[in-house]
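Data first, discussion second: the structure below is written as structure tokens.
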């Protein structure tokens with residue numbers, strides 16, 4: 001059979017890894033795919049910077065012209081970003097090419113447009129590499145768990161943040177110090193905003209929410225809170241209460257819609273998810289039939305991401321000549337049967353809370369705090385008072401609440417902060433049981 | 001589109017779960033599959049025992065005649081065993097039906113014959129439910145990690161054994177006591193041989209080895225050691241050395257072939273696999289590009305297994321009209337390019353060992369033991385002497401070795417047991433680092 005011909009856009013980390021793995025495992029991949037996979041060319045902005053891994057493969061710099069090449073079947077987009085990548089992907093689709101991309105930002109922001117165009121042109125858009133690197137999360141959710149009504153998805157989907165949180169906990173160091181170290185080691189970018197701000201995680205959980213619940217991609221509705229303001233004090237207190245703090249992307253089917261949120265989250269230390277440390281990723285999925293399953297592995301890196309990109313190329317190769325309904329729908333559900341259930345506003349999200357306040361150690365302060373929560377209908381799960389500082393006569397009080405709505409909690413918090421003995425600094429975190 | 005018509009063989013635990021989940025999630029499943037799935041009939045041995053879940057669905061008792069029904073497209077076999085299940089599956093294939101089965105014993109023993117027949121008749125045989133319940137391990141290995149040269153697979157694939165080992169460790173109880181409790185709770189069968197003897201785990205790792213390495217199914221070559229002889233003393237000592245003991249199915253690409261073995265195994269307590277407790281399953285896979293990934297969930301039970309069975313029905317539905325090469329090969333690799341690399345004899349397997357011997361506390365016993373290992377070219381990683389019993393003047397010595405071959409270790413063990421101060425009782429376990 002004639003080889004499948006691939007045009008590769010981008011020869012950075014992932015592009016280089018893709019070329020290396022395709023070359024190294026050529027024989028094994030052919031034994032699986034039944035057809036050789038051949039990279040026709042690599043398109044980069046600056047030919048001088050074309051990756052060594054390109055070897056004898058032609059290098060071009062005319063990305064937008066390249067995708068029109070009638071000699072290729074598949075365009076693999078690993079440029080990243082949402083400018084030229086978007087133009088290139090839409091053009092590839094318009095020219096009848098199948099697309100493999102690892103670009104979560106592109107799909108989280110423009111997925112609905114891209115999938116609609118792909119459907120019109122009868123081409124596949126495969127994107128396993130866009131979420132959690134080598135872990136086949138998209139495949140698992142779209143196919144492996146297809147019998148289930150998905151209840152929730154919770155993922156550690158940003159390796160940089162997880163590395164920082166793991167280090168803060170292990171070494172008892174503050175955020176800024178660990179971030180600097182992570183940057184030195186190459187675990188964090190010079191500008192780490194996307195990672196530590198939760199934006200990258202929100203891109204990924206947005207895609208998973210669409211696939212899990214059969215809804216359109218709605219990144220603009222995601223609630224996003226990163227880890228930059230997280231204090232190592234709260235990591236320590238959480239630990240004492242039997243919890244670890246992880247940056248989770250959460251998508252949950254609630255009474256009135258789908259919750260879609262990213263924030264630092266207390267999870268019970270005994271859960272297997274709590275043991276996911278360093279730059280690793282893990283995705284928990286709760287299905288009504290399967291119960292809770294977890295998928296764990298490297299969430300980024302050249303070859304782990306290449307593993308997902310090449311799996312997609314193999315799948316596209318296999319199904320190239322198939323009828324559209326013989327392929328798995330882009331977002332798991334048939335495009336005509338996407339659900340219009342909305343995203344729940346954050347004020348209506350129901351979860352439980354961790355609150356740390358600093359108080360002047362006066363008689364009745366604990367009682368006032370408890371009374372204020374009770375007046376708002378919020379019941380207390382546990383409470384911890386941390387040692388009085390003799391000099392300032394100040395102490396920390398930590399409260400874990402039972403489930404309440406975010407709006408209700410915020411209202412109570414506003415009143416707590418006005419209590420006479422309560423000082424202005426506080427921390428408010430959310431807690432999930434993951435059962 | 002006309003519904004896909006399914007004939008269901010067996011209405012026990014998994015059959016009942018399949019009927020329940022198909023009914024409950026009918027609308028959601030149609031939105032994914034683009035076509036309704038209809039159970040035409042349920043075939044059971046004894047109609048009186050037909051599961052309540054069958055409801056209005058016709059119940060037949062003529063299993064072998066039923067599979068010939070020209071009105072059905074797919075036969076779902078959840079009878080279990082290798083007698084009537086084998087006849088029914090082969091007959092279904094001969095009559096051009098696609099097959100979905102959760103029967104690991106059947107495929108581990110007769111997979112080569114069944115897949116060859118299916119290929120000849122151009123039908124699919126899907127078997128996600130045969131390994132690790134709801135966890136889509138087959139899909140992950142056949143498709144999600146298709147870019148990788150697989151280095152090894154290690155799985156906790158028998159929930160009963162894992163439940164027993166977890167309880168022995170948590171409660172410090174001996175095997176027999178925990179087994180009795182597991183039987184009382186329904187976690188272990190009245191005749192638990194298949195589970196605690198490692199046979200069930202060997203069925204599963206045999207299937208995974210075929211898919212991972214592109215070799216035929218070779219259950220008869222698997223080395224199998226169960227947990228019935230495992231002492232709680234060794235669980236305690238392993239813990240002190242920083243290890244947990246799990247019953248692992250292991251398939252590894254070695255120098256001269258594929259290792260295929262099931263045995264209790266020491267794994268470092270810090271590995272995420274060590275946190276897999278109770279009846280849960282987890283499969284670790286090491287690929288050259290992806291690195292180590294893990295897949296975790298319920299390995300058995302009515303609805304978890306139904307989750308896998310129905311995912312297979314949906315996939316078969318989608319690809320029913322597709323060309324054979326548009327479907328994923330049965331054993332991941334194209335049938336004509338299966339590898340004939342052999343299974344490594346156990347004596348040639350290279351790993352490291354845990355040895356516990358009971359000694360008379362005499363001068364020089366430790367030196368003799370260490371010298372014997374050294375003479376066999378086996379180097380010691382660590383050694384632990386456990387308290388001398390004042391009455392008997394006996395003590396336990398525990399040795400962890402570095403990597404050696406099983407043959408070499410057994411030879412040294414033979415000589416150790418002949419040393420004058422060494423008593424006859426001993427325990428020998430294998431250790432894996434899983435990195």
Problem set entry | Per-region count, the range A:359-385, residues buried (at least 19 other Cβ atoms within 10 Å of the Cβ) and assigned to a strand (DSSP E or B) | 1
For this session: Would you be able to say whether some residue in the range A:371-383 is more than 29 Å from residue A:344 (Cβ to Cβ) and at pLDDT below 95?
Result: no
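Within the range A:16-31, does at least one residue satisfy the condition of being in a loop (DSSP other than H, G, I, E, B) and more than 12 Å from every other protein chain (Cβ to nearest Cβ)? Before the answer, list the steps.
Of the residues in the range A:16-31, the ones in a loop (DSSP other than H, G, I, E, B) are A:25.
Next cut, more than 12 Å from every other protein chain (Cβ to nearest Cβ) only: none.
The answer is no, given that none of the residues of the range A:16-31 is in a loop (DSSP other than H, G, I, E, B) and more than 12 Å from every other protein chain (Cβ to nearest Cβ).
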Exercise. Being out of contact with any strand residue (DSSP E or B) (no Cβ under 7 Å at 6 or more places or on another chain), within 30 Å of residue A:53 (Cβ to Cβ) and either in a loop (DSSP other than H, G, I, E, B) or facing chain B (nearest Cβ under 9 Å) (or both), is that true of even one residue in the range A:281-301?
Worked result: yes
For this session: Examine the range A:325-341 for a residue that is in contact with a helix residue (DSSP H, G or I) (Cβ under 9 Å, 6 or more places away or on another chain), surrounded by 14 or more Cβ atoms within 10 Å (Cβ to Cβ) and more than 14 Å from every other protein chain (Cβ to nearest Cβ), and state whether such a residue exists.
Result: no
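Could you tell me which residue of the range B:130-140 is nearest to the other protein chains (Cβ to nearest Cβ), considering only residues that are assigned to a helix (DSSP H, G or I) and in contact with a helix residue (DSSP H, G or I) (Cβ under 6 Å, 6 or more places away or on another chain)? Step through it out loud before you land on a result.
Step one: filter the range B:130-140 for residues assigned to a helix (DSSP H, G or I), giving B:130, B:137-140.
Then keep just the ones that are in contact with a helix residue (DSSP H, G or I) (Cβ under 6 Å, 6 or more places away or on another chain); that gives B:130, B:138-139.
Numbers: B:130: 14, B:138: 9, B:139: 5 Å.
The residue in question is B:139.
What about residue B:143, is it part of a helix (DSSP H, G or I), in contact with a helix residue (DSSP H, G or I) (Cβ under 9 Å, 6 or more places away or on another chain) and without any contact (Cβ under 8 Å) to a residue 24 or more places away in the chain?
Numbers: part of a helix (DSSP H, G or I): yes; in contact with a helix residue (DSSP H, G or I) (Cβ under 9 Å, 6 or more places away or on another chain): yes; without any contact (Cβ under 8 Å) to a residue 24 or more places away in the chain: no.
Against the criterion (part of a helix (DSSP H, G or I), in contact with a helix residue (DSSP H, G or I) (Cβ under 9 Å, 6 or more places away or on another chain) and without any contact (Cβ under 8 Å) to a residue 24 or more places away in the chain), residue B:143 does not qualify.
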Seminar exercise, completed: Restricting the range A:302-324 to residues that are more than 7 Å from chain B (Cβ to nearest Cβ), assigned to a helix (DSSP H, G or I) and in contact with a strand residue (DSSP E or B) (Cβ under 8 Å, 6 or more places away or on another chain), the one nearest to residue A:204 (Cα to Cα) turns out to be A:309
Exercise. When residue B:340 is evaluated against the numbered criteria (1) closer than 28 Å to residue A:305 by Cα; (2) not in a helix (DSSP H, G or I), which criterion, by number, is the only one it fails?
Worked result: (1)
Problem set entry | Top-ranked residue of the range A:151-177 - restricted to ones that are under 14 Å from residue A:286 (Cβ atoms) and surrounded by fewer than 24 Cβ atoms within 10 Å (Cβ to Cβ), ranked as nearest to the other protein chains (Cβ to nearest Cβ) | A:151
Exercise. Is the range A:75-92 home to any residue that is farther than 30 Å from residue A:221 by Cα, outside any strand (DSSP E or B) and more than 14 Å from every other protein chain (Cβ to nearest Cβ)?
Worked result: no
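Please verify whether the range B:202-209 includes one or more residues that are more than 20 Å from residue B:102 (Cβ to Cβ) and outside the structural domain of residue B:332 (by TED's automatic domain parsing). Show your work before the answer.
Taking the range B:202-209 first, the residues more than 20 Å from residue B:102 (Cβ to Cβ) are none.
Taking every residue of the range B:202-209 in turn, none turns out to be more than 20 Å from residue B:102 (Cβ to Cβ) and outside the structural domain of residue B:332 (by TED's automatic domain parsing).
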For this session: Of the conditions (1) modelled with pLDDT under 95; (2) crowded, with 18+ Cβ neighbours inside 10 Å; (3) within 14 Å of chain B (Cβ to nearest Cβ), residue A:54 clears all except one; give me its number.
Result: (3)
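Can you confirm whether the range A:109-121 contains a residue that is within 14 Å of chain B (Cβ to nearest Cβ), closer than 24 Å to residue A:336 by Cβ and not in a strand (DSSP E or B)?
Pass one, the range A:109-121, residues within 14 Å of chain B (Cβ to nearest Cβ): A:119.
If we keep only those that are closer than 24 Å to residue A:336 by Cβ as well, we get A:119.
From the residues that got through so far, the ones that are not in a strand (DSSP E or B) too are A:119.
Scanning the range A:109-121, I find at least one residue that is within 14 Å of chain B (Cβ to nearest Cβ), closer than 24 Å to residue A:336 by Cβ and not in a strand (DSSP E or B), so the answer is yes.
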Problem set entry | Looking only at the range A:178-215, and only at residues there that are more than 21 Å from residue A:265 (Cα to Cα) and without any contact (Cβ under 8 Å) to a residue 12 or more places away in the chain, the one that is surrounded by the fewest Cβ atoms within 10 Å (Cβ to Cβ) | A:190
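Go through the range A:348-376 and give me each residue that's in contact with a strand residue (DSSP E or B) (Cβ under 7 Å, 6 or more places away or on another chain) and within 30 Å of residue A:251 (Cα to Cα).
Initially, the range A:348-376 is screened for residues in contact with a strand residue (DSSP E or B) (Cβ under 7 Å, 6 or more places away or on another chain), giving A:348-361, A:365-366, A:369-370, A:373.
Listed by number, the residues that qualify are A:348, A:349, A:350, A:351, A:352, A:353, A:354, A:355, A:356, A:357, A:373.
The values are calculated or read from the model by the stated rules, or taken from the named source; none is laboratory data. All of these numbers come straight from a predicted model, not from anything done at the bench. All Cβ positions, glycine included, derive from the backbone under ideal geometry; neighbour counts span all protein chains shown.
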